[in-house]
């Protein structure tokens, strides 16, 4: 396993991490979840990602039970949760001081731990002043309930505002964002955040590296039984991928990429994960799995990174045709 610093912090996270979204509480039971998470741990994964919204809190309960059952040393783990969607009450959603504090306490109870290493604002909240959110996150850290805080799917402008408020008021600033990043979705990581990596030392814990399964190639010829798109609760995603022009174009790109993976002797999933790992601004790639075998396949992507040389990357770019345009140098004629 390779370990990377989380942005400019001193914390090291495994380059491949393990997330529980979709699987824990939705696709697999606790025994299967234990087997997949144990396999990840045994392969050197130390970062395990969760959220209060996943399976209505059931995901955190399952992960907490698994950690207790496994008896892992707490200091060997980097645990996270995300706060925003905590329930149906008027104050159970968003990033108010009240919900951040109460949501954190509830999440810690479900995870059966005194603290999480990372806590994220799961989405921006247009109804709460950013300063209130910054103060609430600082309070959580002051109380020892988290060590670092960050954001998920915030804009560069929102992150920069939160950072400057924190610095101005001598509060703990955000140190990471959790954006979606993959071959088919690149703008935020590769362009929008570009200056944040050096300006504030932003780290990234990317999610959906396989684009909801499209980049595994498993939807090239339809929807396999037992896959995410076969579940009733993901009918909206199925309709988007299979019926919209945008979704169809993404599947077509996956079809065109498949021969490159075949040539390298790797799976599409491994090549897609390796592609994300090649980006030096990616601190960790969050992966999901419903079986131990999937975890083992994902781990092997670490060995594929070096196979993606300039020639292979150029061939991939030729298919993707979506590399963000660099900032124009107006001094150049």
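Values quoted throughout were computed directly from the atomic coordinates according to the rules given, and no laboratory measurement underlies them. Values in this document were obtained by computation on a predicted structure and should not be read as measured data. Counting neighbours? That spans all protein chains shown, and the Cβs are built from the backbone with ideal geometry, glycine included.
Summary table below
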quantity: Label-reachable residues, region 162-186, where backbone N falls under 20 Å from a point 7 Å from residue 256's Cα toward its Cβ; calculated: 182-186
quantity: Point-to-point label distance, residue 74-residue 278, nm (Cα→Cβ direction, 7 Å offset); calculated: 4.1 nm
quantity: Quotient of Cα Rg and 2.2 N^0.38 Å for region 188-333, N being how many residues it contains; calculated: 1.14
quantity: Alpha-carbon centroid distance for the pair region 99-116 / region 10-27, whole angstrom; calculated: 18 Å
quantity: Relative contact order %, region 116-217, counting alpha carbon pairs below 8 Å whose residues are six or more apart; calculated: 25 percent
quantity: Span from the region 131-150 Cα centroid across to the region 254-333 one, whole angstrom; calculated: 34 Å
quantity: Mean separation of Cα contacts under 8 Å, 6 or more apart, over the residue count of region 210-333: relative contact order %; calculated: 22 percent
quantity: Within the chain, percent of DSSP bridges classed antiparallel, to nearest 5; calculated: 15 percent
quantity: Expected 222 nm ellipticity per residue - DSSP helices of 4 or more, -39500 (n - 2.57), all of the chain, to 500; calculated: -12000 deg cm²/dmol
quantity: Simple label model, 7 Å out from Cα along Cβ direction - residue 105 to residue 264, nm; calculated: 4.8 nm
quantity: Pairwise FRET efficiency - residue 32 versus residue 223, Cβ, R0 = 25 Å, nearest 0.05; calculated: 0.75
quantity: Sequence-separation-based contact order of region 1-152, relative, with Cα cut under 8 Å and 6+ spacing, percent; calculated: 19 percent
quantity: Modelled FRET efficiency - R0 22 Å, residue 114 with residue 9, Cβ distances, 0.05 increments; calculated: 0.60
quantity: Pairwise FRET efficiency - residue 246 versus residue 313, Cβ, R0 = 41 Å, nearest 0.05; calculated: 0.95
quantity: Segment residue 58-residue 161, length gained on full extension (0.36 nm per residue, minus Cα span); calculated: 33.7 nm
quantity: Peptide ranges 268-279, 184-195 listed from the most packed, as the mean C-beta count within 10 angstrom indicates; calculated: 268-279, 184-195
quantity: Spin-label model distance (nm) - residue 153 vs residue 139, 7 Å beyond Cα toward Cβ; calculated: 2.6 nm
